[in-house]
Amino acid sequence: MKYLSTRGHAARPEFCDILLGGLAPDGGLYLPETYPQVTRAELDAWRGLSYAELAFAILSKFITDIPAADLKAICDKTYTADVYRFARSGDNAADITPVHWLEPGRFGLLELSNGPTLAFKDMAMQLLGNLFEYVLDKRGETINILGATSGDTGSAAEYAMRGKHGVTVFMLSPHGKMSAFQRAQMYSLQDENIYNIAVTGMFDDAQDIVKAVSNDAAFKARYKIGAVNSINWARVAAQIVYYFKGYFAATKSNDEQIAFCVPSGNFGNICAGHIARQMGLPVARLILATNENDVLDEFFQTGVYRPRKAAETHVTSSPSMDISKASNFERFVFDLVGRDPKRVAELWKSVDAGGAFDLSGTPEFAHLTNFAFASGRSTHEDRLSTIRQVFETYGTMVDTHTADGVKVAWDCADSVPAGVPLLVLETALPVKFAETIRAALGREPERPAELDGIESLPQRVEVMAPEVDAIKRFIVGHLGA
Ligand SMILES: Cc1ncc(COP(=O)(O)O)c(C=O)c1O
Ligand SMILES: N[C@@H](CCOP(=O)(O)O)C(=O)O
């Protein structure tokens, strides 16, 4: 399988090169030259596979430069019930992403947050850790990961990469904007290959720095800079798997359809759902949910994509979705405009200059109906009342991001054909956002015993201004330290 850049760079690398490379040299994002199509016979054969088997079946369509036996071993090592061990009692951890039905057969949660850091990022990041180790060992190389987090990618990456030889992680987070639990998960790590940098800005400032460093080809090559954010195709590829798994869990036959509602920020998670649908998964509706940072909802409602400045970005009680410039949206727009890299480059010229674009009234925007999207937004008050309503009605506690998903799923229920099951992707567990759970329910969320007292551990973090050169100097100064 060869990959292309959404902005048209001439090279056609294979998977292992883009795994280590992250962004394309022209600032675009990598996508497969064509989406592999899943036949009905394959869907039939895949129903009933374990998560690791399904991951291997799907990923081998995208990863053709790792021998099959090795890729299978990596999938088997990654997707185990020991790693994804925090399923709700009564749900089967061996399923890795069990469905927790709120209304049996009709409306449920796809549990994606049972991994070591209690957020859906673990689903892809654990695989990335193992892929990096495998490819670097084979090539005798090392990598310095520069990442940005609004709260969950950071801890998932650090837990996946800690202690891995040949890998150093520099993770930028927005100073003072994450929950106490999220800060503790990252900043309490004392591993020598992990550096946490809290930047005095928002997530978008941190992500801009990651892209600026990555776009400096000389610096990137000299210091072997790699990416773990969903700008890295491997993250999106790994996330495709659970859409198939969710479909098989929620339906009885491959003649049925399904709908998903996805709490969204950087558009990485729902982008994987879009690609699963392009591959042939029978998805009737993909519902995108935002919080008050509603740039994406605005696009799906109006055709205008207008990333907000930091001053216009709200700090909310679903902080991991406090994103106003959604990286992966470029991947979707590439498909929307008929995979025309010139058109994408032109649109992102305006975005990268701090502007916006407006597709309303264009044939491209009219084409949106073919992609089965719906969208909505949720606010702090909605989150509190949804957390309460889900707890009182179903006895299930959901986190603030999943609550945004449930609220928008309810709002958009009419867009789902009758009889089609609707799954909300559970993107984090409530304990990560205990402050808001207490405000909604007046009680503490459940906490896995192994994470007791994590907030009281000593923390190690550097606070810095969001300046590209300063971050580069920090990286250079700490390499081989
Ligand atoms: C808990 C949680 N929910 C939802 C999201 C949004 O996912 P995406 O950025 O892939 O749209 C994130 C972060 O990305 C997250 O950490
Ligand atoms: N919500 C994310 C932001 C980064 O998103 P990514 O999927 O591109 O890594 C976070 O929690 O850090």
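With all protein chains kept in place, the per residue accessible area of the chain amounts to 35 square angstrom at a probe of 1.4 angstrom. Under 5 Å between amide hydrogens, built in the peptide plane, is the criterion, and for Val167 it picks out Ile143 among residues at least 5 positions away or on other chains. Scaled against 2.2 N^0.38 Å for its residue count N, the alpha carbon radius of gyration of the stretch 339-481 is 1.52.
Among beta bridges identified by DSSP and lying wholly in the chain, the antiparallel ones come to about 20 percent. Label point of Arg443 set 7 angstrom out along Cα-Cβ; within the stretch 362-403, amide nitrogens under 20 Å from it belong to 383-403.
How far, in nm, would the chain grow between Tyr394 and Val468 when pulled straight, counting 0.36 nm per residue and subtracting the alpha carbon separation? The partial results should precede the final answer.
Numbers: separation 74, 0.36 × 74 = 26.64 nm, distance 4.75 nm.
Working it through step by step, the gained length comes to 21.9 nm.
Atom-type composition of the exposed protein surface of the stretch 409-450 places 48 percent of the accessible area on carbon and sulfur (1.4 angstrom probe). Surface composition of the stretch 43-96: carbon plus sulfur atoms hold 54% of the accessible area, using a 1.4 angstrom probe and ignoring ligands, DNA and RNA.
Would you mind telling me the share, in percent, of accessible area of the stretch 183-341 contributed by carbon and sulfur at probe 1.4 angstrom? Please list the in-between numbers first.
Values: 1950 of 4110 Å².
Heavy-atom surface of the stretch 183-341 belonging to carbon and sulfur, 1.4 Å probe: 47 percent.
Ignoring solvent entirely, what values of log10 I(q)/I(0) come out of the Debye formula for the chain at 0.05, 0.11, 0.14 Å⁻¹ when each Cα is a single scatterer? Taken in order of the listed q values, log10 I(q)/I(0) reads -0.16, -0.85, -1.53. Residue by residue, the stretch 263-277 carries 3J(HN,Hα) couplings of x, 10, x, 8, 6, x, 5, 6, 4, 5, x, 4, 5, 4, 5 Hz when phi is fed to the Karplus relation 6.51 cos²θ - 1.76 cosθ + 1.60 (θ = phi - 60°); x denotes Gly or Pro.
Projecting the Cα atoms of Ser230, Ala206, Leu479 onto the charge dipole of the chain (Cβ charges, centred on the Cα centre) puts Leu479 farthest toward the positive pole. At what distance in nm do the modelled label points of Asp91 and Ser456 sit from each other, each positioned 7 Å from its Cα along Cα→Cβ? Placing both labels 7 Å beyond Cα along the Cβ direction yields 3.0 nm.
Between Lys342 and Ala81, the distance separating the two model label sites (each 7 Å from Cα on the Cα→Cβ line) works out to 5.6 nm.
Each of Glu141 and Glu381 was given a label point 7 Å from its Cα along the Cα-to-Cβ line. The distance between the two points is 5.3 nm.
Convex hull over the Cα atoms of the stretch 3-99, averaged projected area in nm²? Can you show the working numbers first?
Details: hull surface 31.8 nm².
That works out to 8.0 nm², a quarter of the Cα hull's surface.
The P(r) of the stretch 170-216 has a tail past 16 Å containing 43 percent of all C-alpha pairs.
The values are calculated or read from the model by the stated rules, or taken from the named source; none is laboratory data. Being a predicted model, the structure only gives us computed values, none of them experimental. Neighbour counts run over all protein chains shown; Cβ positions are idealised from the backbone, glycine included. Remember, those area values only see protein heavy atoms, side chains included, never the ligands or the DNA or RNA. Shrake-Rupley method; radii C 1.70, N 1.55, O 1.52, S 1.80 Å.
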